[in-house]
Amino acid sequence: MLTAPNLEKIPYIEHGFCTAAESEALKKTHKKHLLLLKQAHDDGVIFATSLDIGQDVEADAMAAIEPELMLGIKTADCVPVLLADKEKQVIGAIHAGWKSALKGIVKNGVDAMLHLGAARENIAAAVGPSIRFADYEVGKDFYNAFMEHDPEAEVFFTTDKKYFNLPEYVKSKLFEEGIEDIFDTEINTYKDTSFISYRRDNKDENRNISWIKIK
């Protein structure tokens, strides 16, 4: 299972970025501890506990301090972000599709961690497998939405406005929140067939799961 070196250094957590096959196995073997949100491509965030498991909670980010609770993010081209404070036992997980990223999900997810006692300067973040720049073709309405709500995002488009660098945009939002310790797996879900890609497969069924927990 793929992991991030910066998160590996934090002794109180475990985490992973699962392939399609690993994701299916994880759902079966860790059903009692794995929290999967009803993701809405919006800006909602929750303070997660084990009571939320199986409750169909709608949000796109969560923060937690409860041991053994696995925060799971489902993606099929969107950007999963896993976070942990290096000193205090506070973790977070974010589903950053273009809509949720534009609406401020990264800020909201980080703010939730701060509310639980994390410090910006101590947070490490890992960006998981997602669709990459060369394969993320977008339309005019997509570009216009960014120009209306976040004009500075123009630097993440190609000059012809046809392709968008979603992972780098998400990383820029992490930097804006004062997070400097960021690892990017740089895996392209569209190209790597061990991961599910909605754009490549055109199927709205299974998802890749990225997860993090306090031991």
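Answer yes if at least one residue in region 180-194 is in a helix (DSSP H, G or I), acidic (Asp, Glu), closer than 23 Å to Asp43 by Cα and out of contact with any Phe, Trp or Tyr (no Cβ under 7 Å at 6 or more places or on another chain), and no otherwise.
Scanning region 180-194, I find no residue that is in a helix (DSSP H, G or I), acidic (Asp, Glu), closer than 23 Å to Asp43 by Cα and out of contact with any Phe, Trp or Tyr (no Cβ under 7 Å at 6 or more places or on another chain), so the answer is no.
Do we find a residue being within 19 Å of Ala4 (Cα to Cα), surrounded by 17 or more Cβ atoms within 10 Å (Cβ to Cβ) and under 14 Å from the mean Cα position of the chain (by Cα) anywhere in region 174-181?
yes
Specify the residue that is nearest to Asn188 (Cα to Cα); the eligible residues are those in region 23-44 that are within 17 Å of the chain's Cα centre (by Cα) and not in a loop (DSSP other than H, G, I, E, B). Give the derivation first.
Residues of region 23-44 that are within 17 Å of the chain's Cα centre (by Cα), as a first pass: 23, 34-44.
Then drop every residue that is not not in a loop (DSSP other than H, G, I, E, B), which leaves 23, 34-36, 38.
Working: Ser23: 17, Leu34: 25, Leu35: 25, Leu36: 23, Lys38: 24 Å.
Filtering region 23-44 for residues that are within 17 Å of the chain's Cα centre (by Cα) and not in a loop (DSSP other than H, G, I, E, B), the one nearest to Asn188 (Cα to Cα) comes out as Ser23.
Return the total of residues in region 87-102 being touching a His at 6+ places or on another chain (Cβ under 7 Å) and either buried (at least 20 other Cβ atoms within 10 Å of the Cβ) or under 15 Å from Lys171 (Cβ atoms) (or both). Give the steps one after another, and end with the answer.
To start, the set of residues in region 87-102 that are touching a His at 6+ places or on another chain (Cβ under 7 Å) comprises 97, 99-100, 102.
Subsequent filtering for residues that are either buried (at least 20 other Cβ atoms within 10 Å of the Cβ) or under 15 Å from Lys171 (Cβ atoms) (or both) retains 97, 100, 102.
The number of residues fulfilling the criteria is 3.
I'd like to know if region 45-54 contains one or more residues that are part of a strand (DSSP E or B), crowded, with 22+ Cβ neighbours inside 10 Å and out of contact with any Lys or Arg (no Cβ under 7 Å at 6 or more places or on another chain).
The initial filter retains those residues of region 45-54 that are part of a strand (DSSP E or B), namely 45-47.
Cutting the leftovers down to crowded, with 22+ Cβ neighbours inside 10 Å gives us 45.
Going one step further and asking which of them are out of contact with any Lys or Arg (no Cβ under 7 Å at 6 or more places or on another chain), we end up with 45.
Within region 45-54 (the criterion being part of a strand (DSSP E or B), crowded, with 22+ Cβ neighbours inside 10 Å and out of contact with any Lys or Arg (no Cβ under 7 Å at 6 or more places or on another chain)), the answer is yes, since at least one residue qualifies.
Does Asp160 satisfy the criteria of being outside any helix (DSSP H, G or I), surrounded by fewer than 16 Cβ atoms within 10 Å (Cβ to Cβ) and not hydrophobic (A, V, I, L, M, F, W, C)? Talk me through it step by step, then tell me what you get.
Working: outside any helix (DSSP H, G or I): yes; surrounded by fewer than 16 Cβ atoms within 10 Å (Cβ to Cβ): yes; not hydrophobic (A, V, I, L, M, F, W, C): yes.
Spelling it out, Asp160 is indeed outside any helix (DSSP H, G or I), surrounded by fewer than 16 Cβ atoms within 10 Å (Cβ to Cβ) and not hydrophobic (A, V, I, L, M, F, W, C).
With in a loop (DSSP other than H, G, I, E, B) and among the aliphatic types (A, V, I, L, M) as the only criterion, which of Ala145, Ala118 stands out? So that I can check it myself, show each step before the final result.
Values: Ala145 fails: in a loop (DSSP other than H, G, I, E, B).
The conditions single out Ala118.
Using beta carbons and a limit of 6 Å, which pairs, at least six apart or on different chains, have the first residue in region 113-130 and under 15 Å from Tyr12 (Cβ atoms) and surrounded by 24 or more Cβ atoms within 10 Å (Cβ to Cβ) and the second one of a type in the set (Asp, Glu) and modelled with pLDDT of 95 or more?
Within 6 Å, the pairs are Ala118/Asp85; Ile123/Asp85.
The values are calculated or read from the model by the stated rules, or taken from the named source; none is laboratory data. Bear in mind that the values here come from a model prediction, so they are computed numbers and not experimental data. FYI the Cβ positions are ideal-geometry reconstructions off the backbone, even for glycines, and counts take in every protein chain you see.
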